[in-house]
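The numbers here are math on the coordinates, done by the rules we state, and not lab data. In this text the structure is predicted, and so the values were computed from the model without any measurement. Cβ placement follows ideal geometry from the backbone for every residue including glycine, while neighbour counts extend to all protein chains displayed.
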């Protein structure tokens, strides 16, 4: 028997250590049983693994077997110590020395092939036999437990978080693909169709990766535990980290964007007839306005003297050709082609109506000026009647001259405007007095 590692413990100290070691043994056993039944471990056992997960599970799986072997040696050593303590109610110095050695000394013999150095690798060159203390053995178990638990928990976290969500997204992708077909969007014929094909490939590849290599999508909050090393405080706690859902989230956002665009095409399909009719109505109003402008231009040329009248533009024939194309897209269900074209047609038709109205305003301006002068003349005539000047010779003469100029053809707008102004002036009292006193007559 090797010598004791330190001073001989008293009977009370021995009993306290035995109690603590017994509690540790029970806690380790419960943790190992829980780990053995962990859903992540069961899934890892039956999965066809690749990549990082395959590498780390190969180590963790051996570590799990090693944990049970180390636990058995711990339990055997504790049982041996309890047997020594049970020999006598009040152990003597010999028993206390033996118990001190068993509980604190390097009294546990383990196979070196099953207990590599803390920073070593499974399969590395090791000693055939080692003697360690119970504390050292517990540290080794803590370290290997952390290694195994981290792999098992990480794989379980990824498998819990992603496969079902990917399946739901793939199902939603199928519905969006059906929506795409309903509005004529197909791979090779529209960018959205190609996007849906690539998205399906990405999600399928992501699902395959999740099932075969879940640890590729695990982001630990700390560096993974070294094989066989961990602090006692954290050894039996679940390792922290997060599932990397970047690829899944990106695919979800992309699918949402595609669905929004397709729903826009679906609305276009439902609204296209009404919108094309509105474009046709705008062009019809533009044509009617241009026809009115041409009629007004002819009237101006015939009835207004010395006036430059702008030409009236013709109908937008190119715009009508594009409408024919839009109708063709509508009839053949090419909604993805119709969308931008219909937007452009609505804008162009509105501009065409604005252009026609502007042309009518420009062409009819002389007629508007004549109408305004006629209105002013009639208003001044009514004012003359209120002033009692309806029979005044000057007022009558100036009214008749302005009236003759405004209702003759072709009408000289400048002369007519001057005549209306002179008729207005005739209504003012000072001018009437001056005119009456001088017996002036305006010819």
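Could you tell me the relative contact order of region 11-155? Use alpha-carbon pairs under 8 Å, at least six residues apart, and round to a whole percent.
Details: 127 pairs, mean separation 46.0, N = 145.
The normalised contact order for region 11-155 reaches 32 percent.
Note on residue 72 and residue 182: with the Förster distance fixed at 41 Å, the Cβ-Cβ geometry gives a FRET efficiency of about 0.05.
Most exposed first by the Cβ proxy, i.e. fewest other Cβ within 10 Å, how do 141, 383 rank?
Working: 141 27, 383 13.
Placing the least packed residue first, the sequence is 383, 141.
Label-to-label distance, residue 160 versus residue 418, with points set 7 angstrom from Cα along the beta-carbon direction: 10.1 nm. Extension gain, residue 12 to residue 281: 0.36 nm times the residue separation minus the Cα-Cα distance gives 86.4 nm.
With contacts taken as Cα pairs under 8 Å at a separation of at least 6 residues, region 268-363 carries a relative contact order of 51 percent. If R0 is 56 Å, the Cβ-Cβ spacing of residue 250 and residue 129 corresponds to a FRET efficiency of close to 0.55. Mean separation of Cα pairs under 8 Å and 6 or more residues apart, divided by the residue count, gives the chain a relative contact order of 14 percent.
When 98, 13, 271 are arranged by Cβ crowding within 10 Å, least crowded first, meaning fewest neighbours, the order is 271, 13, 98.
Count the DSSP beta bridges whose two residues both fall in the chain, then state the antiparallel fraction as a percent rounded to the nearest 5.
Working: 7 of 8 bridges.
Percentage antiparallel, nearest 5: 90.
Helix-only arithmetic for the chain: the sum of -39500 (n - 2.57) across DSSP H runs with n ≥ 4, divided by the residue total, places the mean residue ellipticity at 222 nm at -25000 deg cm²/dmol. Between region 311-385 and region 158-200, the alpha-carbon centres lie 46 Å apart.
Calculate, in nm to one decimal, what residue 365 and residue 167 gain on full extension: separation in residues at 0.36 nm each, minus their alpha carbon distance. Write out the running numbers ahead of the final one.
Working: separation 198, 0.36 × 198 = 71.28 nm, distance 7.01 nm.
Separation in residues times 0.36 nm, less the Cα-Cα distance, equals 64.3 nm.
In a GNM of the chain with a 10 Å cut-off on Cα contacts, which of 88, 250, 320 has the highest mean-square fluctuation? Its mean-square fluctuation being the largest, the pick is 88. Enter the angle in degrees (range 0 to 90, nearest 10) between the Cα long axis of helix 365-386 and the first principal axis of the Cα atoms of the chain, meaning the one along which they spread out most. Between the helix axis and the principal axis of the chain, the angle is about 60 degrees. Among 410, 393, 310, the largest mean-square fluctuation in a Gaussian network model of the chain, built with springs joining Cα atoms closer than 10 Å, belongs to 393. For P(r) over Cα pairs in 20 Å bins from 0, in percent, the candidate list reads (i) 25, 56, 17, 1; (ii) 17, 22, 16, 14, 12, 10, 7, 2, 0; (iii) 27, 59, 13, 0; the entry that matches the value derived from this model is (ii).
Based only on other Cβ atoms within 10 Å, what is the fewest-to-most ordering of 183, 176? Working shown, then result.
Working: 183 24, 176 21.
Ascending number of Cβ neighbours within 10 Å: 176, 183.
Modelled spin labels at residue 266 and residue 43, positioned 7 Å past Cα toward Cβ, are 3.3 nm from each other.
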